[in-house]
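The values are calculated or read from the model by the stated rules, or taken from the named source; none is laboratory data. Note that the structure is predicted; figures quoted are calculated from it, not measured. Using ideal geometry, Cβ is built from the backbone for each residue, glycine included, and neighbour counts are taken over all protein chains shown. Only protein heavy atoms, including side chains, enter the accessible area calculation; ligands, DNA and RNA are left aside. Shrake-Rupley method; radii C 1.70, N 1.55, O 1.52, S 1.80 Å.
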Amino acid sequence: MALYEEQNLRLYNSLSGQKEVFTPIHTGHVGMYVCGPTVYSKVHLGNCRTFISFDMIYRYLLHLGYKVRYVRNITDAGHLEDDAEQGEDKISKRARLEKIEPMEVVQRYTTDFHNILRKFNLLPPSIEPTATGHIVEQIEIIKAILSKGYAYEKNGSVYFDVQKFDSDFEYGKLSGRKLEDMIANTRELTAQDEKENPQDFALWKKAEPKHIMRWPSPWGEGFPGWHLECTVMSTKYLGETFDIHGGGMDLKFPHHECEIAQAEARFGHSPVHYWLHANMLTLNGKKMSKSTGNNLLPEEIFEGSNPILSKAYSASVARFFMMQAHYTSILDLSDEALLAAEKGYHRLMEALEVLESLEVSDKSDMDVKAWKQRCYDAMNDDFNTPILIAQLFEAVKWIHLVREGRKTLSAADKNILQTSMNQFVFEVLGIEKPLDAAASDGKVEGLMQLLIQMRDKARADKDYQTSDQIRDTLSELGIQLKDGKEGTSYQL
Ligand SMILES: [Zn+2]
């Protein structure tokens, strides 16, 4: 019997505003789509939290025995600077400013995105489609929506007709907005506007002569709208109706609302059964923002190179910190919070080591099976990782009591405890062992001493290029060299 048949997973569906029992369309299989990044700049720590949240969800579904097709796209065209669909394409703009090809921008920041996610130990999705790889499909779906009368063409652009759609379906059901209210609260259209109504959104935009990224279409040269690409890529790989669609809370409106409208206009029915939204990360109690400087990049955490941090933290500590909050809650990051998470992380890792060599008795003082089910109950309750972590620390307490001889544990229970702890910590939460645990056999120490000696020699020879290269490369790996009176030491 598969684990998912024994465990009763419930998840909070943003569409109904309720926790619902999870029943996939095809027994044993799950189709999940998550909106990926727009690759025009370095990935933001807040975005990382969203992707880490869905990685945890993906991992738990896999743990339950589901066969999951997880699709997470790369937006490499069509995302304009503001939601009102004004301004330049974000990638084209970066390409123009840096005087490089748009696809160089895409390549650079896609690589950065993958590197950072690998550090946070994310599993790669099953399919990672790009918007530019699906232009043909996007044109086809626009043609279909036009033929059904839910879109109109204007000067080489195609817009989705929200009022027409709302008269047959319901626009705003995900975000709980009513079209009448939206109309009442928006400005009048000016003569230059091509849209018939302010709520309408672009399916296809005509490319101005300056616009670099452009493709031929029945309506002239242009590029697809951002909302459209997700509808196309999700339904292409997961079907007209699929199980889970996820993304950051900020995408609920208008992006996901528009996705629903496009799919309903095209297929005549709702595309997604369960909409999941991950909440944001704040920094010292305030929203992160590049413009105010209240911002933190993932590598600044790994290096400790931001003034708000007292030290560097490993990616595993940062991930553990994020797992201590429920994915739908706002999480505030601060140096104190990371310090506390680091302590907790080491306590957990230490207990796992103690557990390995724990002496067993004939019987147990603790009900390990009931504890294990409480761990599942936490995860079955809309992936409640903070409750799961509280249960893991219950186990940590027991482990120390057994070690001190104040409680007993049978061999069979020790086995269950060990297997479950390892599964929940490493498989489900995706936490990794500390680097120094992997290094405890002394090899890293030996290598580090060799590098320090080579750097000392280079400095003595005034070969600063080599000595700097050694220091900088180690720093990129998260290893800091510290020069002192007693010689050079290092910190992982
Ligand atoms: Zn999307």
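If you go through region 249-271 and keep only what is within 13 Å of the ligand (Cβ to nearest atom), surrounded by 18 or more Cβ atoms within 10 Å (Cβ to Cβ) and over 18 Å from Gln199 (Cβ atoms), you end up with just Pro271. Once region 138-168 is narrowed to residues that are assigned to a loop (DSSP other than H, G, I, E, B) and without any contact (Cβ under 8 Å) to a residue 40 or more places away in the chain, the residue that is surrounded by the most Cβ atoms within 10 Å (Cβ to Cβ) is Asp161.
Report, by residue number, each residue of region 256-297 that is assigned to a helix (DSSP H, G or I) and touching a residue at least 60 places away in the same chain (Cβ under 8 Å).
Going residue by residue through region 256-297, those that are assigned to a helix (DSSP H, G or I) are 256-267.
Result: His256, Glu257, Cys258, Ile260, Ala261, Gln262, Glu264, Ala265, Arg266.
Applying the set (1) farther than 27 Å from Phe321 by Cα; (2) open to solvent by less than 40 Å² (accessible area, probe 1.4 Å) to Ile479 leaves exactly one unmet item: (1).
Any residue at all in region 113-131 that is closer than 20 Å to Ser217 by Cα and in contact (Cβ under 8 Å) with a residue 24 or more places away in the chain?
First, pick out the residues of region 113-131 that are closer than 20 Å to Ser217 by Cα: 130-131.
Those left that are additionally in contact (Cβ under 8 Å) with a residue 24 or more places away in the chain: 130-131.
Taking every residue of region 113-131 in turn, at least one turns out to be closer than 20 Å to Ser217 by Cα and in contact (Cβ under 8 Å) with a residue 24 or more places away in the chain.
Among the strands (runs of 3 or more DSSP E) confined to region 1-105, the ones with at least 1 residues that are open to solvent by 10 Å² or more (accessible area, probe 1.4 Å), at pLDDT 90 or above and among the acidic types (Asp, Glu) are located at 18-21.
When region 230-248 is filtered for residues that are touching a residue at least 60 places away in the same chain (Cβ under 8 Å), in a helix (DSSP H, G or I) and either within 13 Å of the ligand (Cβ to nearest atom) or surrounded by 23 or more Cβ atoms within 10 Å (Cβ to Cβ) (or both), the ones remaining, listed by number, are Cys230, Thr231, Val232, Met233, Ser234, Leu238. If you filter region 169-180 down to residues that are free of Cβ contacts under 8 Å to residues at least 12 places away in the same chain and open to solvent by 90 Å² or more (accessible area, probe 1.4 Å), you find that the one that is nearest to Gly17 (Cα to Cα) is Lys178. Here Asp441 clears all of (1) modelled with pLDDT under 95; (2) under 30 Å from Glu20 (Cβ atoms); (3) acidic (Asp, Glu) except the condition numbered (2). So for region 416-429 (the condition being surrounded by fewer than 20 Cβ atoms within 10 Å (Cβ to Cβ), assigned to a helix (DSSP H, G or I) and of a type in the set (A, V, I, L, M)), does at least one residue qualify? Taking every residue of region 416-429 in turn, at least one turns out to be surrounded by fewer than 20 Cβ atoms within 10 Å (Cβ to Cβ), assigned to a helix (DSSP H, G or I) and of a type in the set (A, V, I, L, M). Please determine whether any residue of region 113-131 is more than 29 Å from Val30 (Cα to Cα) and not in a strand (DSSP E or B). There is no residue in region 113-131 that is more than 29 Å from Val30 (Cα to Cα) and not in a strand (DSSP E or B). Within region 404-417, residues that are modelled with pLDDT of 95 or more have Cβ atoms under 9 Å from residues that are part of a helix (DSSP H, G or I) and among the polar types (S, T, N, Q) in no pair, counting only partners at least 6 apart in sequence or on another chain. Only one of the numbered conditions (1) more than 30 Å from Leu174 (Cα to Cα); (2) open to solvent by 30 Å² or more (accessible area, probe 1.4 Å) is violated by Lys290, and that is (1). The condition (being surrounded by 14 or more Cβ atoms within 10 Å (Cβ to Cβ), within 32 Å of the chain's Cα centre (by Cα), under 23 Å from Phe267 (Cβ atoms) and away from the ligand (no atom under 16 Å from the Cβ)) is satisfied by just one residue among Trp215, Trp226, Trp219, Trp204: Trp204.
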